[in-house]
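Here's the structure, in structure tokens; my notes come after.
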Amino acid sequence: MAGTLGGPRVLLRRLREVMAEPVSAQERLDKIVVLIAANMVAEVCSVYVLRVDSTLELYATEGLKREAVHQTVLRQDEGLVGLVASEANPVNLSEAQTHPAFAFRPETGEEIYHSFLGVPILRAGNTLGVLVVQNRARRTYSEEEEEALQTTAMVLAEMIASGELSSIAKPGAEPAIKPRLHLTGSALSEGIALGHVVLHEPRVTIKNVIADDVQKELKRLDEAVEALRADLDLMLERRDVADGGEHRDVLDAYRGFANDAGWTRRLREAVSTGLTAEAGVERVQSDTRARMLRVTDPYLRERLHDLDDLANRLMRQLMGQDHAPPREQLPDNAIVVARAMGPAALLDYDRRKLRGLVLEEGGPTSHVAIVARALGIAAVGEIDNISGLVETGDSIIVDGSTGEMHLRPPGDIEIAYGERVKLRARRQAQYRALRDRPSVTKDGQEVALMINAGLLVDLPHIAETGAGGIGLFRTELQFMIATEMPRISEQLSLYRSVLDAAGDRPVTFRTLDVGGDKILPYMRAEPEENPALGWRAIRLGLDRPGLMRSQIRALLQAAAGRELRVMFPMIATCAEFDEAKGMIERELTALRRRRHKLPDRVEVGAMVEVPSLLFQLDSLLSRVDFLSVGSNDLVQFLFAADRGNKRVADRFDPLSAPVLRALMAIIDRGRAAGKPVALCGELASKPIGALALVALGFRSLSLTPSALGGVKAMLLELDAKKAEALIRPLIENPPQDGTIRERLEQFAAAEGLQL
Ligand code: PEP
Ligand code: MG
């Protein structure tokens with residue numbers, strides 16, 4: 001190799017000897033920089049280490065002034081070294097001093113050096129430091145030299161990660177191998193959990209970085225790649241390609257990469273420089289991860305993630321670890337950390353030990369978030385690169401109400417959160433004590449409090465909360481977490497279990513509400529420009545009658561001899577309701593003809609989610625047996641604000657006059673028509689929302705199970721007539737000085753209601 005003495009292999013061999021010597025950490029580093037400088041024919045070689053305070057400290061140098069060691073400290077974005085660290089990318093310049101990022105530190109004496117090559121010291125995509133070589137002459141370092149320096153940086157990464165340097169670090173300025181982190185993502189599922197990290201896909205830890213015999217390592221690599229390809233082919237051939245939430249498209253993409261000549265060439269090149277096969281894979285994987293942190297294009301990110309997963313598989317192949325460690329080995333208080341996860345995979349964990357979930361991807365509407373809420377575990381999503389930042393066993397706090405996450409928290413934070421957990425537990429105990437109290441306001445108004453559900457794991461919540469029944473059973477959840485379309489017998493069996501669990505209490509089933517953001521992995525979705533306004537819910541149900549017909553049949557059979565309540569989502573016109581109801585009637589006739597036992601009674605309702613219904617309420621009410629307001633969708637459509645988009649979802653207040661007027665019209669017209677009207681959106685799950693709804697006249701609310709206790713506690717203390725007298729005039733004449741929400745809060749405070 002041009003410019004190097006003996007090439008990278010010789011260097012790696014020498015480095016291995018140095019790593020094995022029984023010397024102090026500082027002596028080892030000093031020897032390493034001398035070796036690298038000599039091997040690369042550079043006048044300077046320096047190692048900067050990233051510290052917990054996010055600065056870069058010069059830890060060793062050959063060529064710069066020795067007095068600068070441990071004295072020169074750069075900000076993470078200062079100078080060329082800072083540039084390498086913050087971009088996690090090499091910087092290669094024949095004239096460094098004219099570069100805009102160049103920052104001169106007189107104590108180092110580096111003004112006489114012109115050429116500069118700096119590479120990040122990376123581990124699992126995280127920057128641990130920067131390795132630099134410099135020369136007086138204006139020389140251009142070749143691509144091979146850059147590659148060789150990156151390979152060498154891996155050895156330093158292992159050394160830093162081993163914790164060896166802590167012995168020579170100043171207190172409070174230790175290397176940032178395991179920094180404390182406080183990150184905020186999106187709140188996926190309520191609750192606070194303190195526990196220890198369990199990586200959903202455990203990382204393989206490499207023991208040997210430097211190869212004894214490069215040819216042997218290349219052969220190991222080739223064999224592992226071959227085995228990986230064969231594995232992927234086999235999985236694609238098998239019918240059950242849906243293993244662990246993956247499906248055909250993902251595996252196809254994997255196979256594409258595994259057969260990609262560019263990827264395998266880069267792996268071979270890395271190993272050729274003198275690394276073991278697994279270190280070569282990690283080297284290429286580190287680059288992929290570093291790129292992943294920089295790209296914002298979602299498609300490209302997804303592909304880089306695929307590539308990262310593939311490297312994991314290859315690594316496991318090489319290390320002979322085919323599978324993740326058994327789930328039984330979960331610690332108590334397990335907090336699972338994953339890049340992404342299918343909903344079924346979360347259900348595989350032992351519920352008694354699972355406390356929380358942290359994801360890199362996954363917004364509030366993701367399927368795994370739905371399952372996390374059903375399981376009642378705290379969850380946060382959209383935390384960049386978290387699976388690369390944690391280690392198995394790290395202590396971690398998840399706050400599912402705010403979307404915050406503390407990794408390796410200091411003692412005072414742990415104590416503060418511990419107190420909040422105790423407080424929550426005390427509250428829950430108080431709510432449990434209210435479980436069997438009838439939900440009646442202080443002035444004697446009965447308000448049915450039901451729960452929203454959708455999975456088998458939700459059913460115990462009926463008894464736990466003392467709910468009056470299930471006000472919304474989201475049937476699509478069974479479809480969303482399955483890896484293939486649930487058979488009619490599977491649907492029947494779930495619906496029967498639901499009715500059995502509810503006993504005498506009513507259950508309102510909603511027919512399939514898929515499309516939009518509710519995507520079925522096995523159903524090819526047509527790309528739509530505005531999916532929330534597109535081919536979803538009842539629209540899809542009516543256009544694909546086969547699917548809805550079999551669901552209706554399963555519902556009718558499950559409710560044989562009992563009452564069945566069914567409602568349709570996203571109804572926008574009365575004609576749609578008539579058509580959907582007609583399907584139920586036809587199925588009833590068919591079952592009757594075949595002498596099936598039928599439900600005793602079938603009540604058919606519509607969800608009010610589309611604003612067009614507000615202007616045809618009387619005609620709709622003459623057709624339905626009941627209405628249920630889906631306030632999540634109704635509010636999103638009234639304000640034209642995507643409910644899943646953080647930027648716009650919070651701009652509008654559901655407790656403002658436009659929404660409250662719409663709700664008032666629905667409840668007033670429903671009463672006039674003598675038809676029951678309930679509300680099953682999130683609005684009912686907040687005590688202040690429930691207060692407004694009861695004040696408007698709603699007497700049936702369906703809530704997230706965890707919210708029921710708090711809402712009930714508020715209702716028991718509420719004077720509904722007084723609240724009604726407050727809210728109606730406020731809606732007629734919204735206050736000029738302040739908001740309706742504020743007036744409701746003041747009312748609650750004056751009445752001693754806990755919101
Ligand atoms: C709603 O839109 O308020 C509702 C309850 O339905 P979902 O949240 O399932 O869309
Ligand atoms: Mg809805």
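Some notes on this structure:
- Taking every residue in the stretch 225-237 that is outside the structural domain of Leu314 (by TED's automatic domain parsing) and pairing it with any residue that is loosely packed, with under 13 Cβ neighbours inside 10 Å, at least 6 positions away or on another chain, yields no pair with a Cβ-Cβ distance below 8 Å.
- Every residue from the stretch 618-635 that is of a type in the set (A, V, I, L, M) and within 16 Å of ligand 2 (Cβ to nearest atom): Leu627, Val629, Leu634, Val635
- Considering Val44, Val33, Val49, the condition of being closer than 22 Å to Ile210 by Cα, in contact (Cβ under 8 Å) with a residue 60 or more places away in the chain and not charged (D, E, K, R) is satisfied by Val49 alone.
- No other residue among Val44, Val34 is over 17 Å from Ile160 (Cα atoms) and out of contact with any Leu (no Cβ under 7 Å at 6 or more places or on another chain) apart from Val34.
- Condition met for Val250 (closer than 24 Å to Leu304 by Cβ, touching a Lys or Arg at 6+ places or on another chain (Cβ under 7 Å), at pLDDT below 90 and not assigned by TED's automatic domain parsing to the domain that holds Leu347): no
- Yes/no for Lys422 being surrounded by fewer than 23 Cβ atoms within 10 Å (Cβ to Cβ), of a type in the set (D, E, K, R) and free of Cβ contacts under 8 Å to residues at least 12 places away in the same chain: yes
- Within the stretch 37-145, strands (runs of 3 or more DSSP E) holding 3 or more residues that are among the β-branched types (Val, Ile, Thr): 44-50, 126-135
- Scanning the stretch 589-648 for residues being more than 16 Å from ligand 1 (Cβ to nearest atom) and outside any strand (DSSP E or B) gives a total of 26.
- Reported count of residues in the stretch 176-224, each being of a type in the set (S, T, N, Q) and closer than 27 Å to Leu314 by Cα, is 3.
- Residue match in the stretch 488-496 (condition: within 25 Å of the chain's Cα centre (by Cα) and closer than 28 Å to Leu598 by Cα): no
- As a summary of the residue check, Thr508 satisfies the conditions (1) within 16 Å of ligand 2 (Cβ to nearest atom); (2) at pLDDT below 90 except for the one numbered (2).
- Looking across the stretch 251-284, the residues that are in contact (Cβ under 8 Å) with a residue 60 or more places away in the chain and either farther than 21 Å from Val204 by Cβ or not in a loop (DSSP other than H, G, I, E, B) (or both) come down to Glu269, Ala270, Val271, Leu275, Ala277, Glu278, Ala279, Gly280, Val281, Glu282, Arg283.
- Filtering the stretch 515-557 to residues that are in contact with a strand residue (DSSP E or B) (Cβ under 8 Å, 6 or more places away or on another chain) and either away from ligand 1 (no atom under 16 Å from the Cβ) or acidic (Asp, Glu) (or both) leaves Ala525, Ile552, Leu555, Leu556.
- Flag for Ala501 being out of contact with any strand residue (DSSP E or B) (no Cβ under 7 Å at 6 or more places or on another chain) and at pLDDT below 90: no
- Among (1) within 29 Å of the chain's Cα centre (by Cα); (2) surrounded by 22 or more Cβ atoms within 10 Å (Cβ to Cβ); (3) not in a loop (DSSP other than H, G, I, E, B) - the single one Pro654 does not satisfy: (3)
- First in the stretch 450-479 and in the same structural domain as Gly515 (by TED's automatic domain parsing), second anywhere and aromatic (Phe, Trp, Tyr), Cβ under 7 Å, 6 or more apart: Ala453/Phe473; Gly454/Phe473; Phe473/Phe509; Thr475/Phe509
- Here the condition is being surrounded by fewer than 16 Cβ atoms within 10 Å (Cβ to Cβ), touching a strand residue (DSSP E or B) at 6+ places or on another chain (Cβ under 9 Å) and at negative phi; of Ala85, Ala20, Ala60, Ala103, it holds for Ala103 alone.
- Restricting Val507, Val447 to residues that are within 16 Å of ligand 1 (Cβ to nearest atom), within 27 Å of Lys686 (Cβ to Cβ) and in the same structural domain as Gly709 (by TED's automatic domain parsing) narrows the list to Val507.
- Against the conditions (1) under 38 Å from the mean Cα position of the chain (by Cα); (2) under 16 Å from Phe626 (Cα atoms), Arg601 satisfies every one except (1).
- All of (1) modelled with pLDDT of 95 or more; (2) within 16 Å of ligand 1 (Cβ to nearest atom); (3) under 19 Å from Met570 (Cα atoms); (4) in a loop (DSSP other than H, G, I, E, B) hold for Leu663 with one exception: (4).
- Flag for Gly356 being in a loop (DSSP other than H, G, I, E, B), surrounded by 24 or more Cβ atoms within 10 Å (Cβ to Cβ) and not assigned by TED's automatic domain parsing to the domain that holds Val457: no
- Residue satisfying condition, being within 30 Å of Gly195 (Cβ to Cβ), surrounded by 14 or more Cβ atoms within 10 Å (Cβ to Cβ) and in contact with a Ser or Thr (Cβ under 8 Å, 6 or more places away or on another chain), within set Gly454, Gly466: Gly454
- The stretch 525-564 - residue that is among the charged types (D, E, K, R) and closer than 16 Å to Leu512 by Cβ and, of those, surrounded by the fewest Cβ atoms within 10 Å (Cβ to Cβ): Asp543
- Any hit, the stretch 634-645, residues being polar (S, T, N, Q) and crowded, with 21+ Cβ neighbours inside 10 Å: yes
- Among the residues making up the stretch 178-209, a single one is under 25 Å from Pro8 (Cβ atoms) and buried (at least 22 other Cβ atoms within 10 Å of the Cβ): Val209.
- Taking each residue of the stretch 618-643 that is hydroxyl-bearing (Ser, Thr, Tyr) and looking for partners that are part of a helix (DSSP H, G or I) and within 14 Å of ligand 2 (Cβ to nearest atom) with beta-carbon atoms closer than 7 Å, six or more apart or interchain, yields Ser631/Glu682; Ser631/Leu683.
- Residue in the stretch 158-180 that is modelled with pLDDT under 95 and in a strand (DSSP E or B) present: yes
- Residue within the stretch 559-570 that is within 14 Å of ligand 2 (Cβ to nearest atom), under 21 Å from Asp633 (Cα atoms) and part of a loop (DSSP other than H, G, I, E, B) present: yes
- Any hit, the stretch 85-94, residues being assigned by TED's automatic domain parsing to the domain that holds Ser46, at pLDDT 90 or above and in contact with a Ser or Thr (Cβ under 6 Å, 6 or more places away or on another chain): yes
The values are calculated or read from the model by the stated rules, or taken from the named source; none is laboratory data. Just so it is clear, the structure is predicted and the values come from calculations on it, not from any experiment. Virtual Cβ from ideal backbone geometry, glycine too; neighbours counted across all protein chains shown.
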